[in-house]
Amino acid sequence: MKNTITIFLLLLSSLGSYGQTTATLTVPAKAEVTISRHIYGHFAEHLGRCIYGGFYVGENNTKIPHTAGVRNDVVAALKKLKIPNLRWPGGCFADTYHWKDGIGPKDQRPSIVNNWWGGVTENNSFGTHDFLNMCELLGTEPYLAGNVGSGLVQELADWVQYVNFAGVSPMSDLRRKNGRDKPWKVKYWGIGNEAWGCGGNMTADYYANEYRKYATFVSDWGNTGNLFRIASGASSSDYTWTETLMKIIPKNLIEGIALHHYSVINWEKKGPAVGFSEQQYFSTMKQALFMEELIQKHSAIMDKYDPEKKIALVVDEWGGWYEVEPGTNPGFLYQQNTMRDAMIAGSTLNIFNNHADRVRMANLAQAINVLQAVILTDEEKMLLTPTYHVMEMYNVHQDATFLPLTVKSTNYTLGTEKLTAVNGSASRDKNGITHISLVNIDPKNKQEISIAIDGANYKSVTGRILASKALQDHNTFEKPNLITPTTFKGAKLKGNSLKVELPPFSVVVLEMK
Ligand code: AHR
């Protein structure tokens, strides 16, 4: 009898535990919202090894293959992601940056101190031409963050003229003298960064009035007719900031309003990037999923002043933030990237897709070697992180038509706390192919998902999955391909019913025709 019970218990545990989740995919006859590709944007600050050693190794480097100093391996990897835009030069650095320091002959550029990030010497060898030419190489749109904190209105107006003006003018002549005839036509302009903090510790009222002044002169006087000005937005749940800006800034002066939110457990005790506990994982995911509430509440405020949704909500800094890797410069914010980061990326991108009517741009912080990076480098070595793979799997949603997917998820519980285990989003691309992205954040339980399809008859389903043995797994320079997407076989289509079995802590993207 004892043996029978033991066998029964063993059998039961080998089956693993299941969560049951239901969902409905609605395919309306006339779907109207497009998921902007700009939701999948990136961020490159003069911080640690993001620019120097990450993107740029210098024109004279003989060890690492490059084009005008920009790493060829990085360009190839980012092109596969189809990165739509790249924000530069900060972050906090932007409000200390004087763009004229970074133009002209490199041996004549001044060296400055990067006060925010480690107090290191910044020799300005990577400046405006280097960045904008690199964007052309990457096939991505530049997003320049202007200096409001310590700059002048004239300085920012000059930068616009320098990069955008085709005719004869002091700044376009200077550009030509520095070797570039054709303007780059930069559309996206940030008017300061974190004005409530490192960008000048301003009050919302004061910044809103400063913004009006700067935005007036951040104009290309009809040259492209296409400038997109983004106001420095709220920190997480500072709803008063958004409300004040919406109230004070006239609609003809603003195209986007930013929001920054990091998935950080506690600013004093961030916890390790790799050796984290389940409790730390849970707390990080709670912060990541909080993005849903943030977007709902900031959008509701924007709706009051802008019911036509003309102004975009631009989440131009998001991602996981942990303690730096042991032995590295604390001012460089270098951290590893595990399956936890894949859970943050997949869930956050699902939230953005589901709010594509208002969230029309976002930037993961940051692209290389800083915070939740998609790429890590070590001299000539380079690796792609789990976050990179999620970004690559999800790029099918870029500029696709949004399809509503409502998920009724079971919970992931830890002690007395709970989070929704499954989240998802869906879209139809220009070839008529539907993609559903699903994330199961529960680290212990698989999920059986029943999706009812309303409004379409699909014939086939295929998919890709990102999963691993342990939540703390990550790619290293020794084992760079430990975590990569593989073919997913856990989806079955029967008429209008789709059954999906998601392993614990996995990201899946399905393709349906
Ligand atoms: O991404 C790192 C820093 O975080 C940025 O420079 C700043 O804007 C934010 O506080």
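Since every read-out is calculated from the coordinates, none of them should be taken as a lab result. Owing to the predicted nature of the structure, the values given are computational and were not obtained by experimental measurement. Virtual Cβ from ideal backbone geometry, glycine too; neighbours counted across all protein chains shown.
Worth pointing out:
- Unpaired by the 4.7 Å Cβ criterion, cysteines found in the chain: 50, 135
- Sorted by Cβ neighbour density within 10 Å, fewest at the top, the residues 499, 30, 489, 446: 30, 489, 499, 446
- Entry for the stretch 418-513 at q = 0.10, 0.12, 0.18, 0.19 Å⁻¹: log10 I(q)/I(0) = -0.30, -0.42, -0.85, -0.92, Debye formula applied to identical alpha-carbon scatterers, no solvent contribution.
- For residue 177, the lysines whose Cα falls under 17 Å of its own Cα, not counting residues fewer than eight places away in the same chain, are 100, 106.
- Relative contact order %, the stretch 26-126, counting alpha carbon pairs below 8 Å whose residues are six or more apart: 25 percent
- Rounded to whole Hz, the Karplus (6.51, -1.76, 1.60) HN-Hα couplings of the stretch 382-388, x for glycine and proline: 9, 9, 9, 8, x, 4, 4
- Contact order, relative form, for the chain: 19 percent (alpha carbon pairs under 8 Å, 6 or more residues apart, mean separation divided by residue count).
- Neighbour count of at most 12 Cβ within 10 Å plus DSSP loop: longest GluC sites (Glu not before Pro)-free window in the chain: 33-267
- Amide H contacts for residue 506 (H built 1.01 Å from N in the peptide plane; partners 5 or more residues away or on another chain; cut-off under 5 Å): 440.
- Chymotrypsin sites (Phe, Trp or Tyr not before Pro), loop per DSSP, at most 16 other Cβ atoms within 10 Å - longest free stretch of the chain: 1-220
- In degrees, nearest ten, helix 278-305 long axis to first principal axis of the chain (Cα): 60 degrees
- Counting only alpha carbon atoms, the long axis of helix 339-354 and the longest principal axis of the chain meet at about 80°.
- 31 Å Cα-Cα threshold exceeded, pairs from 80/297; 82/459; 30/82; 247/430; 182/247; 408/492: 80/297; 247/430; 182/247
- 3J(HN,Hα) along the stretch 84-101: x, 8, 9, 8, 6, x, x, x, 3, 4, 4, 7, 10, 8, 10, 4, 5, 5 Hz, from the Karplus curve 6.51 cos²θ - 1.76 cosθ + 1.60 with θ = phi - 60°, whole Hz, x for Gly and Pro.
- Distance histogram in 10 Å bins (all Cα pairs of the chain, percent per bin): 4, 19, 29, 26, 15, 5, 1, 1, 0, 0
- Per-residue [θ]222 nm for the chain (sum of -39500 (n - 2.57) over DSSP H runs n ≥ 4, rounded to 500): -8000 deg cm²/dmol
- Sequence-distant residues sharing a close amide H with residue 263 (under 5 Å, placed H): 319, 320, 321
- Cut-off 13 Å between beta-carbons: net charge of the residues surrounding residue 343, Lys and Arg +1, Asp and Glu -1: -2
- Rg/Rg_ref, the stretch 240-380, where Rg_ref = 2.2 N^0.38 Å and atoms are Cα: 1.16
- Taking amide H positions as modeled 1.01 Å from N, with prolines and chain starts lacking one, the residues under 5 Å from residue 141 and 5 or more places away or on another chain are 85, 86.
- Net charge of the neighbourhood of residue 49, taken over other residues with C-beta under 14 Å away and scored Lys/Arg +1, Asp/Glu -1, is -4.
- Whichever aspartates and glutamates have a C-alpha closer than 17 Å to that of residue 79, once near sequence neighbours (fewer than 8 apart) are set aside: 136, 141, 392, 399
- Partner aspartates and glutamates whose Cα lies under 12 Å from the Cα of residue 269, excluding those fewer than 8 positions away in the same chain, are identified as 323.
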